[in-house]
1. As an exercise: evaluate A:GLU12 against (1) open to solvent by 50 Å² or more (accessible area, probe 1.4 Å); (2) within 14 Å of another protein chain (Cβ to nearest Cβ) and give the number of the one condition it does not meet.
2. Quick check, is B:ALA552 touching a residue at least 12 places away in the same chain (Cβ under 8 Å) and crowded, with 24+ Cβ neighbours inside 10 Å?
3. When you scan the range B:59-71, do you find a residue that is farther than 15 Å from B:GLN127 by Cβ, among the small types (Gly, Ala, Ser) and part of a loop (DSSP other than H, G, I, E, B), even just one?
4. With the checklist (1) open to solvent by 20 Å² or more (accessible area, probe 1.4 Å); (2) in a strand (DSSP E or B) in hand, flag the one item B:PRO51 doesn't pass.
5. Suppose we keep only residues that are outside any strand (DSSP E or B), open to solvent by 40 Å² or more (accessible area, probe 1.4 Å) and more than 14 Å from chain A (Cβ to nearest Cβ) within the range B:694-740. Which one would you say is nearest to B:LEU436 (Cα to Cα)?
6. Can you find a residue that is within 23 Å of the chain's Cα centre (by Cα) and away from chain B (no Cβ under 14 Å) anywhere in the range A:259-277?
7. Just one of A:ALA67, A:ALA17 is open to solvent by less than 30 Å² (accessible area, probe 1.4 Å) and either out of contact with any Gly (no Cβ under 7 Å at 6 or more places or on another chain) or more than 14 Å from every other protein chain (Cβ to nearest Cβ) (or both); which is it?
8. I'd like the full set of residues that are touching a Pro at 6+ places or on another chain (Cβ under 6 Å) and open to solvent by less than 10 Å² (accessible area, probe 1.4 Å), limited to the range B:366-397.
Amino acid sequence: MKAPSFAYERAESLARACALLHQHAGNARILAGGQSLIPALNLRLSQPDLLIDISQLNELRHITVTATELVVGALTRHADIERSADVKRLFPVLTQAAAQIAHPAIRNRGTMGGSIALADPAAEWPAATLALDMSLTLASERGERRVPADSFFKGIYETGMAQDEMLKSIHIPLPAAGTRSAFGELTRRSGDYAITGAFVTARKSGATLSATRIAFFGVAGQPLLARGAMAALDGTTGDAAAVARAQACLAADLDPIADLYNTPATKLHLSRVLLARLVAQLA
Amino acid sequence: MNAPVPGLKPTTYIGQDVPRPNAKRLLAGRGQYVDDIRLPRELHAAFVRSPHAHAKIVHLNLDAARKAKGVFWCGSGVDVARAVSPWVGVLTHFKGLKSAPQYAVALERATWQGEAVAVVVAQTRAQAEDAAQLVEVDYDPLPAVTNMETALDPATPVIHADLGDNLAFTRGVDTGGVQDVFAGAHLVVEDTFRFGRHTGVCLEPRAITADFNPSEQQLTVYLGNQAPHMMRDIFAKHLDLPESHVRVISRDVGGSFGIKVHVYPDEMAIAGIAKLLGRPIRYLADRLESFSTDIHAREHLVKAKLATDKDGRILAFELDDLTGIGPYSVYPRTSAVEGNQVVNLTGGPYDFKHYLANLKVVFQNKTPTCQYRAVGHPIAVAVTEGLVDLAAQKLRLDPAEFRRRNLIADDNYPYTSASGLKFEALSHHACLDKLLKLMDYKGLRAEQQALRAKGIHRGIGLAALIEVTNPSALFYGVGGARISAQDGCTLRLEPTGWVTALTGVTEQGQGTEGMIAQVVASAVGIPVEHVRVITGDTDVTPYGGGTWASRAAGIGGEAALMAGHTLKANILALAAAILTRDAAGLDLRAAQIVDAATGEVLLPLAEAARIGQYRPDTLPRAFQPELTVSRQYGQRDWPFVFTNGIQASYVEVDTDTGFVKLLKHWMVEDCGTIINPLLVDEQLRGGIAQGIGGALFEECLYDDTGQLLNATMADYLVPMAAEMPDMVIGHVCTPTKSSELGAKGAGEAGTAGAPAAVMNAINDALSTLSARVTEQPFTPERILRALGKV
């Protein structure tokens, strides 16, 4: 289980990383935390010509609060997010989710940007970007552009990033007053990929929910907003009848695909159970 | 009368929590595993493995690989067969067992996905893997036999045409009149149990470095293995070398669980290539290869019945076991053993007379299966205990009470079971009593009831068991296997008074060395720190079987005890010569020669050893000190020395998700004399964890074409610490009289009973919901299905 040979360069700047990506379009991979890429190389599932190591680009490793958003540098480690007081204060679901990503050794190296850029359908962060309505700044030699997470994920390990682009930062709009959120996932062992997992956020005025966003992961080829379920809950108090309607919507919203151990029916059932539990937590 | 002189009293380490001497070294990263050993001029091997479960190898082109960077040698099955002769995994005591000749590298046909079809040797492993990608293999895929239930159907292709069919082995037991007993019984319960194929995942994968020295025709093999002497014999035989020209060295081994006690084709190929090339060849199975080539185990489909009278006394068991073993019976222990054990062990703890069993062992195009920790026990115990709980439920009897009525009485030994097993002395009732007390069974039942009213579904599962330990030659030797049924221990008194112990049993992380040191120190009368134990080198250690079938303590320990007694007697004879006293009045305590009656210190052992070694001229002319001794021990009183025990599991089932939370686990067992409680308890805990793995997590998943679907640590779920419950361990101690030490094995009882205990606990939790699961592992989906939710 040895990787095939590849060239390696440690990028000293974002500009250099972008230049290399441009030069080797399609044949280079960005090495950030390496928690998915290195196993893929060793399994010979990925055989790039060049690895562009961005691990020393400290300007990409930060958690910054502005007047309107929380900005997370793409190289920020899962463990940084897990431990960030700002994240915990503003987005406790992200703190909770960070603690569920694999195991501590992996969280110490793996990065939020890497997870989003890889777009593993079973990963937590891509779904979080949908639920929290994040946007992503992509960098390339051609300049920077900012894209909403909603339009970023295209399929299994597929994103809207061009071959010469890399993820620079993640932007999370600060929560409106009354925002409640919940996170949960069902794993057979602590640290496993979830059979199903979800982030739920909603604004609560009185007992009524609005602006409900529900993002699932681990159920389909990409993270998904459960739009039917969101609509079913909006304007309700999250009562049993509303939850039941939202649960019913998940069949069309998710259309789950089987994994090694679970049929689509099981994944749908578990997603429904999870949704009810998370909505209950919004109270 | 004078006050006694304050002297040294006899002491023993037997029964003491002595920390393992090797733990610190291993924790410090100073272990010497095969991959830590570097030899000059060594080359690295990589295998090309069949992507098909069953395929004809039409053409193999090695040209591009041969030209690749760093490549030294490439070979096909035919090339390797020049150095390694094929083998057939049969033994004569399994009557009718058949298998086909197996080659180190497949010749014309690959019979499972992962079987080696070519091998590349290069300067580095990466280069070897690069070149292996360049090997062109033209396969003609053949229909794969994957479903064991249809393996014997006339429409199913026969994997080995020469064998006539896919039936490897069959065995029946019929005590007579069993059908009549069932017909007349008050209650008959029956069920079908399925067991997922799984494997023992060792932290250190299989590893070998083989070095052949042509000038001496000497093969030295560094091998992660449990039975180095067995492997020496096999390398000699199949590489056509005199046995004395083969040395097998198994230093530190990172876990084994039965995985590293078999002949693996790739390891044989490496040894053969080393002989062909006259250079050291290194190979380490990577994790993908481990999953597809380490032996698998436990793929069983069992239909079973149990009959009772109106008082809940067991009258009869009936068992129909089907198991799939892959395309070959594994050499040399054979793949008939697991099914055979299921037949032998079912119903084992209980007093009943009538037994009808039928075993079918079939070939399939999947990874070969063979003996893995607790061979057959987890299946037999789950089937037995699953039926026992079902019967108790139907009779509205408490499961503990049902067992009390049926476990073999503690004063009813020796006892011969319905399947013909002979038990020397077991303690089922004492263990049951202790378990119920330890777990506060009544309190737990009350808690369960109270929570059930709140919609919380908790369950309590019991599982009584017996375990095969300390095997005699009846296990393998009588069938023609050249696997030693005895073990030796050689003790060497060093001039410092310290003792070097060489033992035939081996260490794979379970503490064998510590156990041997404790026995030797106790028998000789020296501090345990003064004993250095050497294992795992056929040029150095006494001939022996090694460590498997829970035999290291019972057999290796007894040999060490006998050697220790002998060395002590020799030391006292030396001391008597030095002191001009009668040896009978002397003793050796805490490395001091003392007056046996008073404990008065007469002479330090180091001084006696010094004189014995350097100044024999000062001793009487007729006296020759004997400072190196060897003793051997083979257990001959019983086919096996059985142990017994009982486990309990307490779980909570989330009936919405099908998730099982393990709340607590208890085990009371009887392994006779306990040499080191710490090691025994951790053996049991580790075994329970492994058993829980089979019950809840582990399964080698195959598709219909024989592709292994989950050959990574992300997809194959081993039990991990976060999910493990607290495990409370208790003991009852019935030493075996077959040895002076009285120790029985403790290596497998944890694994044997845990799946049954967990299964019964889940079913107890589900009992009010009319749901029941009998297919392991008990995944959330299977539990949800049983509940009718998916």
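1. (2)
2. Yes: the conditions hold for B:ALA552.
3. no
4. Only one criterion in (1) open to solvent by 20 Å² or more (accessible area, probe 1.4 Å); (2) in a strand (DSSP E or B) is unmet by B:PRO51, namely (2).
5. B:CYS733
6. no
7. Answer to the check: A:ALA17.
8. B:PRO378, B:ALA382, B:ALA392
The values are calculated or read from the model by the stated rules, or taken from the named source; none is laboratory data. These figures come from a predicted structure and were not determined experimentally. Note that we place each Cβ from the backbone using ideal geometry, even for glycine, and neighbour counts take in every protein chain shown. Accessible surface areas use protein heavy atoms only, side chains included; no ligands, DNA or RNA. Shrake-Rupley method; radii C 1.70, N 1.55, O 1.52, S 1.80 Å.
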